Amino acid sequence: MLTLKHRFHGHNSLRFLYQKGRAVYAPKTKLLWLPAKPDTYRVAIVVSKKVHKSAVVRNRIRRRIYEQVRLYAKAQQINADMIIIVQDDHLATAGSEIVSAEVGQLLKKISASA
C-alpha cells in the first residue's frame, strides 16, 4: 500500500488536476498528471461503476494498480501528481505482468516527458 503522503486528501483535491492535467494513454487506462515538487508524488486511482458494478472488483483493480505504482516509483524517480483512470475491468483478472506493463507504460511516458 502507498503511504498517506503519496495519496490525495480532501474532496476537491483532484479538481485542479482534472482541469489542468496533461493526459497520457495506455490501452486500458488513462493518466492525468502535472509536475510536482522534487522527490514527491501523489496518486489517485479512479475506477467508476461503468467499469464494473461490484465494489469488490473495483477495489481489487485499485489495490493492484496502487501496488504497481508503489513498486515502480521506488525504482524510478517520479515527481508528479497523477490520476490513473481505469477504463476496462480486464485488469481485475489479468496477470500481474499485464497490470505491471500497463502501469509501467504510463509512468515511462510521463518520466520521459517530465
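Of the residues making up region 59-96, those that are under 18 Å from residue 1 (Cα atoms), charged (D, E, K, R) and out of contact with any helix residue (DSSP H, G or I) (no Cβ under 7 Å at 6 or more places or on another chain) are 62, 63, 67, 70, 74.
Against the definition (without any contact (Cβ under 8 Å) to a residue 24 or more places away in the chain, more than 16 Å from residue 105 (Cβ to Cβ) and of a type in the set (A, V, I, L, M)), how does residue 55 come out, yes or no? So residue 55 passes the test. In summary, residue 44 fulfils each of the numbered conditions (1) touching a strand residue (DSSP E or B) at 6+ places or on another chain (Cβ under 6 Å); (2) on the phi > 0 side of the Ramachandran plot with the single exception of condition (2).
From the list 94, 73, exactly one residue is assigned to a loop (DSSP other than H, G, I, E, B), crowded, with 17+ Cβ neighbours inside 10 Å and of a type in the set (Gly, Ala, Ser). Which is it?
94
Scanning region 1-33 for residues that are farther than 21 Å from residue 59 by Cβ and either surrounded by fewer than 16 Cβ atoms within 10 Å (Cβ to Cβ) or without any contact (Cβ under 8 Å) to a residue 40 or more places away in the chain (or both) gives 5, 12, 15, 16, 18, 19, 20, 22, 23, 25, 27. For region 1-56, a residue qualifies if it is assigned to a helix (DSSP H, G or I) and more than 15 Å from residue 85 (Cβ to Cβ), and the qualifying residues are 4, 5, 6, 16, 20, 55, 56.
All of the numbers you see were taken from the coordinates with simple rules; none came from a lab. Bear in mind the structure is a predicted one, so any value in this text is a computation, not a measurement. Because the Cβ atoms are built from the backbone with ideal geometry, glycine has one as well, and the counts that use them run over all protein chains shown.
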